[in-house]
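Visitor: What follows is a structure written as structure tokens; I'll ask about it next.
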Amino acid sequence: MTDLIDLTLTQLVKKIKSKDISSKDITSIYIERSKSSKKLNTYVEETFDEALENSKRFDASPDFQKKLPGIPLAVKDLFCTKNVKTTASSKILENFVPTYESTVTQNLWNSGAILLGKLNCDEFAMGSSNETSHFGNVISPIDDNLVPGGSSGGSASALAAKLTPATIGTDTGGSIRQPASFTGTVGLKPTYGSCSRYGIVAFASSLDQAGPMTRDVEDCALLLEVISSFDPKDSTSIDFKRPHYYSELNKNIKGKKIGIPKEYRVEDMPDEIEKLWEKGKEYLKDCGAEIIDISLPHTNYALPAYYIVAPAEASSNLARYDGVKYGFRVEGENLIDMYEKTRSQGFGDEVKRRIMIGTYVLSSGYYDAYYLKAQKVRKLIKNDFDDAFNKVDAILTPSTPSSAFKVGEKTDDPVSMYLNDIFTVPVNLAGLPGISIPAGLDKNNYPLGLQLIGKPFDEQGILDIAYSMEEKINFKFKTNDWWIK
Amino acid sequence: MTIDLKTVKHISKLSRISIDDQKAKKLEKDLTAIFKWIEKLNQLNTDNVKPLTSIAETTLRFRKDQIISKNIREDVLKNSPKDNKDYFVVPKVVE
């Protein structure tokens with residue numbers, strides 16, 4: 001018999017619906033495992049007692065029609081949760097208790113899910129290794145001293161370590177897909193406008209999207225179905241007919257055209273990633289898909305453009321942290337002094353660096369040279385994808401240019417850290433859906449992922465392709481629970 | 001493009017983030033490296049390209065001018081570091 005902890009989200013839902021297990025039983029199991037996994041530093045706020053109470057309440061009057069009946073879930077600490085501390089892993093928000101709920105998490109609770117706790121992330125989601133958190137770095141269950149990726153590193157680590165059956169993250173430049181790739185899990189960034197941004201601590205508003213992080217593609221489809229909704233509270237939320245991603249999941253991808261962009265074959269890419277990509281193409285051919293070589297000529301310019309657009313938006317969004325309305329305050333000699341001290345002591349180094357980049361590119365005399373230039377490059381990148389999607393249904397690329405790295409390996413060199421997101425950032429700039437699925441292991445037995453990029457609003461298309469590839473890849477990875485004391 | 005120490009201090013002022021000399025030196029090095037890398041964009045001619053300002057390419061929808069949240073003063077002030085039950089309190093601004 002499979003251990004209950006090994007059940008996927010969809011299997012767990014079936015077990016609860018068939019009354020084989022109660023919500024309280026499974027919630028207790030996850031709480032116990034989370035309590036003995038402190039070494040990974042995944043949780044920044046635990047709501048275990050409330051979770052247990054809520055599970056008992058569910059069992060007392062269960063509604064099995066719900067999509068996530070009595071399922072315990074931990075979520076990234078970037079989602080505002082009513083009456084539960086929400087910090088974005090920043091000192092400046094260390095005592096912030098929202099009086100409202102984010103739409104995406106509200107959708108989870110409306111579907112019957114129960115909050116287990118809030119998960120660590122890079123401060124304000126700015127980072128690719130979960131090393132910028134005010135609450136310390138997260139360790140990957142894959143190996144001691146290995147980063148889980150970021151910024152949704154606590155989510156990825158908790159998911160891979162089975163401290164939650166599934167989770168949600170946010171993705172501004174790869175923050176769901178890169179940690180999913182590093183930890184052998186599935187992560188999907190939806191089309192911009194698919195999931196509401198209401199109640200998500202803002203980083204770069206034209207790029208941010210929430211999305212599911214799960215153990216397999218079925219789970220991913222189910223969770224996306226729950227969290228994706230039109231929301232009048234988010235002015236950029238898009239009202240389109242959302243499919244039933246889970247029930248419509250379909251392995252038949254015969255005749256689908258999959259593009260392979262030559263520009264993603266970057267310098268210094270390890271052979272094993274090249275080979276993995278080749279294998280991915282073979283799997284797709286086996287499924288009856290057609291492989292087509294394509295070109296996305298401006299790929300090389302995506303990252304520098306991103307590092308203008310994202311910090312510019314961040315510097316505007318983070319102007320609200322002034323020690324007046326909420327959050328941490330350091331008293332000063334006068335108002336300006338108070339602002340400067342509060343922000344200096346409240347933000348970490350990476351956040352300060354990005355606010356300063358953003359302030360500079362938006363400052364008088366530099367706006368045209370940097371910000372306007374980046375918006376024009378962003379247009380060229382979007383045009384590349386539009387052209388490509390005239391010829392193909394989806395695009396296959398590696399998720400990351402390398403497997404996970406060691407804690408501390410890249411912290412002194414911001415540019416080398418930023419290069420980690422080379423394959424994921426273009427997708428955010430163009431507002432497209434992208435999914436990373438585990439596809440193999442490197443020489444150290446660390447997971448590697450492949451990414452599928454879809455047309456706008458075609459989450460179903462890339463989920464279907466991922467679903468059929470998943471069967472061929474048959475990724476098996478079991479950690480030995482080394483971190484459990 | 002080099003971001004010199006003077007520019008770093010100027011940006012820090014604009015950002016309302018005070019930094020000490022040691023941090024400023026580190027930022028001088030980091031920001032110079034980042035902007036050197038960003039300058040790659042100048043290889044591209046974008047004279048005839050329209051900037052992308054919104055990914056959704058739709059006009060924002062109108063909504064009715066209705067009050068949805070009423071009587072939430074307590075909620076609004078709940079997380080303030082300093083308030084007097086009616087207002088946020090800040091250091092004296094006007095002499």
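The values are calculated or read from the model by the stated rules, or taken from the named source; none is laboratory data. Quick caveat, the model's predicted, so the values are computed rather than measured. FYI the Cβ positions are ideal-geometry reconstructions off the backbone, even for glycines, and counts take in every protein chain you see.
Visitor: Is there a residue being away from chain B (no Cβ under 14 Å), part of a loop (DSSP other than H, G, I, E, B), crowded, with 19+ Cβ neighbours inside 10 Å and among the β-branched types (Val, Ile, Thr) anywhere in region A:62-83?
Guide: yes
Okay, residues lined up against (1) hydrophobic (A, V, I, L, M, F, W, C); (2) closer than 17 Å to A:ILE258 by Cα:
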site	(1), (2)
A:ASP458	no, yes
A:MET469	yes, yes
A:PHE475	yes, no
A:ASP481	no, no
A:LYS485	no, no
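One line per residue, one yes/no per condition, for (1) buried (at least 20 other Cβ atoms within 10 Å of the Cβ); (2) farther than 30 Å from A:THR105 by Cβ:
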{"site": "A:THR214", "(1), (2)": "yes, no"}
{"site": "A:VAL226", "(1), (2)": "yes, no"}
{"site": "A:LYS241", "(1), (2)": "no, no"}
{"site": "A:ILE273", "(1), (2)": "yes, yes"}
{"site": "A:GLU290", "(1), (2)": "no, yes"}
{"site": "A:ASP293", "(1), (2)": "no, yes"}
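Visitor: Look at region A:18-46 and say how many of its residues are surrounded by fewer than 15 Cβ atoms within 10 Å (Cβ to Cβ), more than 25 Å from A:SER140 (Cα to Cα) and either in contact with a Phe, Trp or Tyr (Cβ under 9 Å, 6 or more places away or on another chain) or among the small types (Gly, Ala, Ser) (or both).
Guide: Residues meeting the conditions: 2.
Visitor: Please give the helices (runs of 4 or more DSSP H) falling wholly within chain B in which 2 or more residues are within 8 Å of chain A (Cβ to nearest Cβ), in contact with a helix residue (DSSP H, G or I) (Cβ under 9 Å, 6 or more places away or on another chain) and at pLDDT 90 or above.
Guide: The helices (runs of 4 or more DSSP H) meeting that bar are B:5-14, B:21-38.
Visitor: Only one residue in A:ILE260, A:ILE238, A:ILE253 is in contact (Cβ under 8 Å) with a residue 40 or more places away in the chain, closer than 22 Å to A:LEU429 by Cα, more than 14 Å from chain B (Cβ to nearest Cβ) and not in a helix (DSSP H, G or I). Which one?
Guide: None of the other options fit; the residue is A:ILE260.
Visitor: Do we have A:ASP49 as acidic (Asp, Glu) and assigned to a helix (DSSP H, G or I) here?
Guide: Yes; evaluated as a whole, the condition is true for this residue.
Visitor: Moving on to the next point. Quick one: in region A:441-472, of everything that is crowded, with 18+ Cβ neighbours inside 10 Å and more than 20 Å from the chain's Cα centre (by Cα), which residue is nearest to A:ILE142 (Cα to Cα)?
Guide: Looking at the filtered set, the residue picked out is A:LEU441.
Visitor: When you check A:LEU429 against the structure, is it touching a residue at least 40 places away in the same chain (Cβ under 8 Å) and buried (at least 24 other Cβ atoms within 10 Å of the Cβ), yes or no?
Guide: yes
Visitor: For region A:409-425, give me each residue that is crowded, with 20+ Cβ neighbours inside 10 Å and part of a loop (DSSP other than H, G, I, E, B).
Guide: Scanning region A:409-425 gives A:ILE422, A:PHE423, A:THR424.
Visitor: When only residues in region A:93-105 that are within 11 Å of chain B (Cβ to nearest Cβ) and among the hydrophobic types (A, V, I, L, M, F, W, C) count, which is surrounded by the most Cβ atoms within 10 Å (Cβ to Cβ)?
Guide: A:LEU93
Results for (1) on the phi > 0 side of the Ramachandran plot; (2) free of Cβ contacts under 8 Å to residues at least 40 places away in the same chain; (3) more than 12 Å from the chain's Cα centre (by Cα), shown as yes or no for each residue.
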| site | (1), (2), (3) |
| --- | --- |
| A:VAL138 | no, no, yes |
| A:GLY153 | no, yes, no |
| A:THR167 | no, no, no |
| A:LEU188 | no, no, no |
| A:VAL201 | no, no, yes |
